[in-house]
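Below: one structure, written as C-alpha cells.
The values are calculated or read from the model by the stated rules, or taken from the named source; none is laboratory data. Here the structure is a predicted model, which means the values were calculated and not measured. Heads up, the Cβs are rebuilt from the backbone with ideal geometry, glycines too, and the neighbour counts pull from every protein chain shown. Side chains included, ligands, DNA and RNA excluded: accessible areas come from the protein's heavy atoms. Shrake-Rupley method; radii C 1.70, N 1.55, O 1.52, S 1.80 Å.
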Amino acid sequence: MKSHVVITKRKRTLSFYALAFAALLLVVLCIAILYFYMRTMHYDASDTRSYDIEQINQASPECLLLSMLPTDSFSAEDFEYYRGICTIKASHEFENLYDIKAFLDAISSSPSNIYLVLDPAAINSLYGFHASLYGRAYNDTLLSLIKDSSNVSYEILLPYYSLEYWRGLSDSERENVITAYRDFVNIFYSEPNVTIYFLGSEEWLIANPGNYESDISCNEAVTRKIIALTFSSASYILTPENMDEKFSLILELTDNKSTVPLLSGYDITAYTDLSGTDIVFFGDSVIGNFTDSTSIPGVVAGLSGARVYNIGVGGTTATFNEAPDALELCTIVDAFLSRDSSIFSADQQAKYGIEEYAADNSDGAARPTCFIINYGLNDYFAGMPIYDTPAGNEEACYTGALSSAVTKLKAEYPDCRIILMTPAYCSYYNGGALPQSADGGSLSDYADAVCSTAGEIGVEYIDNYHGLGINSSNFETYLSDGCHPNELGRYVTGRNIIRHFDELH
C-alpha cells in the first residue's frame, strides 16, 4: 500500500514537471515566433509608407525625419529652418526596428542625416523586456545600419513622456522604461556617427500638462521648440555619464518634488483649481512675446485649468509714451475694455488675446476674473519717472499709470482680482543698478514702487524681483538673453503665480 502511494506521488511530480516544461517550451516558442515574425515582416502594403519612399527617392533630401511617435506635430520645415538642410518627413509612423530597417533599405537616395524619434521602451516591450532578444534585434537592424553607413549622421531623439505618464506606471514598469533607456545609450553611444538627445527629464516640459496632446506627444509649438533645443545645447545630449542623473530627476518628479533649485521644497501637485476663472495678462515682451503653452500664461493655464488671455505687447511701457504710434498700458487696457483690437498689428499677440476673450465671453455669463499686470523693464530701460507726475497726466509716471489701469479695470469689473507683478531681475546695466535718467531709478526701485503702489490702492502683488530668486549668480540658467525668461524661467514664474493663488486660497 505504501509503495502504491509513493509511485502515485512520483507520477504526480513527473506530471507537474512535464507540464511546467511544456509551458516553458511554449513561451520560448512564442517568443521565437514573435522575433522571427518581426524580423521578416514587410510593410509594402502601406500606402503611406510607399508614398513616403517614392517622395524621398524623387527628392533625394539631405535629411530624413523618421518617427515611432505620432508624426503630426513634427515638421520638416522646422528642420530646414534650424539646420538649413533639405528635409523630408516620413508620414508613416514606424512600429519597430525592422520596420525602420526595411524602410531605409527601400530608399535609393543617400541622405547625409537621419533624424530618428525612437521609443526604446516600446521596442523592448515587444520582446517582453528580455535583453538577449531586444539586443539581438538592435544588432540586426539599427546598429548594423549605423555601422554600414559611417558617413551618415544619426541623430536620435528619445521620448519625453509626460509626468502623468510616469506617475501612472508601477515601480517595476517605471524601472523597465528606464532600463530600456540605459540599454539604448550603452548600445549606441559609442558609435561615432550617433548623437542621442533627451529632454524627458526637463521639469518645465513634462510637468506642464498644457504641453501635451497625449502622454507621449507634445503639441506642435512645443515639438518645434524641442527640435530647436536639441540642436542648440549639448546639455540635451544623453550620455552614459549623465543618464543616471537625468533619470533620478524623473523619479524625484514622480515623488511630487520639484527639481528646480528656485522651487526647492515645492510640492508640484499643490495648486488651486482655477478652471472656472478667467485670467487676463497685461505686460511687455516678457508676456507678449511668448504665446504657446510654455509662456507664463500657458504655464498658469496648464497647471491650474484657468482660461488665460495674453494681452501682452513687446516693447511697451506702463508709463505714457509720447513717441508716435507708441502703445502703453492704459491704452491697451482701454482697447481691451472696448474689445477694440484694431490698434494692434496682425503680428501682435494682444490682437488675438482681445478677440479670443470677446468670443469666449460673448454670452454675458459672469465668471470670476483676475487681471495680472506685469510691466517695468521697458519703463526702467527708458528711464521713465517712477513717482513724479506732470500736472494733469497721472499716466505719465510709472506708479500713476499702474494706478490708472487698475481704476479702469475696477470700474468695469468691480468684483475682479487684480495682481501687480514686479519686473524680475535683468542683467543689463550692471544688473539693473544704473538709473537710465534723472527721473528714473534702478530696476529695484521700479519693483519696490509696484509693491508700495499695490498696498496704497488695495490690490495684490507678486514681487518677482526680490522673491523669484533669479539674480546675478544664476540668471543664465533662467534668462535667454539676460532679460527675457527662457522656458525654465517662464515655468518658474508661472509656478510662482500659482503659488500666490495657493497661499491666498
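Tabulated data for the structure shown
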item	result
Test: SER60 is open to solvent by 60 Å² or more (accessible area, probe 1.4 Å) and within 20 Å of GLU155 (Cβ to Cβ)	yes
Matching residues, region 441-459, being hydrophobic (A, V, I, L, M, F, W, C) and open to solvent by less than 10 Å² (accessible area, probe 1.4 Å)	LEU443, ALA447, ALA449, VAL450, ALA454
Residues located in region 83-94, provided they are open to solvent by 40 Å² or more (accessible area, probe 1.4 Å) and modelled with pLDDT of 90 or more	CYS86, LYS89, SER91, GLU93
1 or more residues without any contact (Cβ under 8 Å) to a residue 12 or more places away in the chain and within 24 Å of the chain's Cα centre (by Cα): qualifying helices (runs of 4 or more DSSP H) within region 52-162	76-83
Some residue of region 356-367 being within 23 Å of ILE462 (Cα to Cα) and not in a loop (DSSP other than H, G, I, E, B)	no
Where a residue in region 467-483 is at positive phi and its partner, wherever it lies, is in a loop (DSSP other than H, G, I, E, B) and of a type in the set (Ser, Thr, Tyr), with Cβ under 7 Å and at least six apart	GLY482/SER427
Hits in region 275-325 - residues which are without any contact (Cβ under 8 Å) to a residue 40 or more places away in the chain and part of a strand (DSSP E or B)	VAL308
Whichever residue in region 275-293 is under 21 Å from ALA358 (Cβ atoms) and not small (Gly, Ala, Ser) and, among such residues, is most open to solvent (accessible area, probe 1.4 Å)	THR291
Residue count for region 245-274, restricted to those that are without any contact (Cβ under 8 Å) to a residue 40 or more places away in the chain and either of a type outside the set (Val, Ile, Thr) or open to solvent by less than 20 Å² (accessible area, probe 1.4 Å) (or both)	10
Hits in region 257-286 (condition: at pLDDT below 95, under 21 Å from SER170 (Cα atoms) and among the polar types (S, T, N, Q))	THR269
Single residue of ALA433, ALA411, ALA438 found to be open to solvent by 10 Å² or more (accessible area, probe 1.4 Å), of a type in the set (Gly, Ala, Ser) and at pLDDT below 95	ALA438
PHE231 vs. criteria over 29 Å from ASP171 (Cβ atoms), aromatic (Phe, Trp, Tyr) and crowded, with 19+ Cβ neighbours inside 10 Å	no
Residue within region 321-340 that is surrounded by 14 or more Cβ atoms within 10 Å (Cβ to Cβ), closer than 19 Å to LEU443 by Cα and modelled with pLDDT under 95 present	yes
Failed item, numbered, when ASP360 is tested on (1) surrounded by fewer than 14 Cβ atoms within 10 Å (Cβ to Cβ); (2) under 32 Å from the mean Cα position of the chain (by Cα); (3) closer than 21 Å to TYR446 by Cα	(3)
Within region 293-320, tally of residues that are among the hydroxyl-bearing types (Ser, Thr, Tyr) and either within 22 Å of the chain's Cα centre (by Cα) or at pLDDT below 95 (or both)	5
